[in-house]
1. Out of the DSSP beta bridges found with both residues in the chain, what percent are antiparallel (nearest 5)?
2. Check which residues have an amide H placed less than 5 Å from Phe322's amide H, if you skip close sequence neighbours.
3. What number, rounded to the nearest 500 deg cm²/dmol, is the helix-based mean residue ellipticity at 222 nm of the chain, given -39500 (n - 2.57) per DSSP H run of at least four residues and division by all its residues?
4. Residue by residue through the stretch 360-369, which ³J(HN,Hα) values in whole Hz follow from phi under the Karplus form 6.51 cos²θ - 1.76 cosθ + 1.60 (θ = phi - 60°), with glycine and proline marked x?
5. Please report, in debye to the nearest 20, how large the charge dipole of the chain is about its Cα centre when each Lys and Arg carries +1 at its beta carbon and each Asp and Glu carries -1 there.
6. Give me a comma-separated list of calculated 3J(HN,Hα) values for the stretch 234-248, in order, Karplus coefficients 6.51, -1.76, 1.60 applied at θ = phi - 60°, integers in Hz, x for any Gly or Pro.
7. I'd like the distance between the alpha-carbon centres of the stretch 64-115 and the stretch 1-60, rounded to an integer number of Å.
8. Rounded to the nearest 0.05, what FRET efficiency is calculated for Arg306 and Tyr460 with R0 set to 25 Å and r the Cβ-Cβ distance?
Amino acid sequence: MSILITGGTVVTASGTLDADVVVGSEKIVAVLPRGATVPETERVIDATGKYVLPGGIDVHTHMEMPFGGTSSVDTFETGTRAAAWGGTTTIVDFAVQAKGTSLLATLDKWHAKADGNCAIDYGFHMIVSDVNDTTLKEMDACISAGVNSFKMFMAYPGVFYATDGEILLAMQQAARSGATVMMHAENGIAIDQLVAQALAAGHTDPVYHGLTRPPELEGEATSRAITLAAVAACPLYIVHLSARQALAAVAEARDTGQNVFAETCPQYLYLSLDDLARPDFEGAKFVASPPLRPKDHQDSLWRGLRTNDLSVVSTDHCPFCFKDGKELGRGDFSKIPNGMPGVEHRMDLLHQGVVAGQLSLPRWVEVASTTPARMFGLYPRKGVIAAGSDADIVIYDPQARQTLSAATHHMNVDYSAYEGLEITGRVVTTLSRGRVVIDDGQYLGSTGHGTFLARGLNQYLL
Ligand code: URP
Ligand code: ZN
Ligand code: ZN
């Protein structure tokens, strides 16, 4: 169906424009300055008083991920639908190599989970948890299959943890093709000692999840990852950065011109160690790694977003229900499944940063859509409102008020990390490849509309 979106303010990473957007079959056909002659279309959407944005791109989600003896509770179907409600039109999820299995078999498995189930388009990164000759060779095959970013862990010994030597080998392999290594940078060996000490002292409450993963150990691991990446000449992307010490390491590397990039997540911008310390085991709802930090880290992260030392905001959406999920860790915080829900509210929470004067309007779009597209080889198909790009478009009402709550959200999880938070702004309409999937409080999409995106290389490499 051809659509004219008229009367709105088009917001892109480079500024705002009063323009009308013409959508044809799946693609944007034209962006016309207000007043220009517009073609006849089958449908006209009046966006007067609204922003017209490129659809959000969340490059860090975990749908139906096996983890901590359980599995994240959003499927590709429910999670991508919730994403669309919140103005996200592309996710890049993580396929997870289990130890002793191959990368290609893992990729097949994740294709089988997502194929025919997604409401919006999707791609994959690959989690490498078993570095050996076969895995290293398979990395090239993953790249040919459109998966050219590999997440590794300096945390979780015995599960995903890789030694510095293994990381170096994988980085060298990635570097040969220009692929990016994504790093979960926390010193898991030291953390495990602190966890054992806390439990031995009888400290079992959720807040100890935060207290046993101090920011210094994120800073140290981030510096080490940067050093290993420099030696291997490998592009490095630090995931879910939460601590000012880690940000300082990233900023220093970027100042030297190294290909080092980082993302943070809304939970680190809005929530803190105080939430982990909520009484009656409520703190379990906020257990994720790295942990929520003392409040004073938040200003550094907002500043990092403005200075581009933090280039992307993703969600690390990894939802576990409170009942029967988080509750697995009653009496032992180390058994609480790690991860928080968020895929639905990233655009809204970042818009709240615009309202509060922390981000400019174009920077909102840049960190939530345009840079993720460039960082992970999707631009200009995604991440921009321009002729020829996919018609992934969000019409956003900047004046609307909403209250975030588990009673009204669409994620398949029984709590909201932002329960009762009143915010300004909300998605009115979401288009995915020209198809209206959300409109005025109604879901009009369909399971299986979303297609797999084979991605190119990072478009920021020097
Ligand atoms: O606690 C988290 N972040 N869970 C998801 C897995 C990861 O490390 O990203
Ligand atoms: Zn991680
Ligand atoms: Zn994650």
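The values are calculated or read from the model by the stated rules, or taken from the named source; none is laboratory data. Here the structure is a predicted model, which means the values were calculated and not measured. Cβ placement follows ideal geometry from the backbone for every residue including glycine, while neighbour counts extend to all protein chains displayed. Note: areas computed on protein heavy atoms with side chains; ligands, DNA, RNA excluded. Shrake-Rupley method; radii C 1.70, N 1.55, O 1.52, S 1.80 Å.
1. Values: 33 of 69 bridges.
Counting only bridges with both partners in the chain, antiparallel ones make up about 50 percent.
2. Close amide H contacts, sequence-distant or interchain: Asp414, Tyr415.
3. Working: 14 runs with 136 residues, N = 462.
Value at 222 nm, helices only: -8500 deg cm²/dmol.
4. 7, 4, x, 5, 4, 5, 5, 6, 9, 9
5. Working: 35 positive and 51 negative charges, 114 e Å.
Using only the charged Cβ atoms, the result is roughly 540 debye.
6. Listing the rounded values in order: 10, x, 10, 10, 7, 8, 5, 6, 10, 10, 5, 5, 5, 5, 4 Hz.
7. 31
8. On the way: r = 18 Å, r/R0 = 0.71.
Rounded to the nearest 0.05, the efficiency is 0.90.
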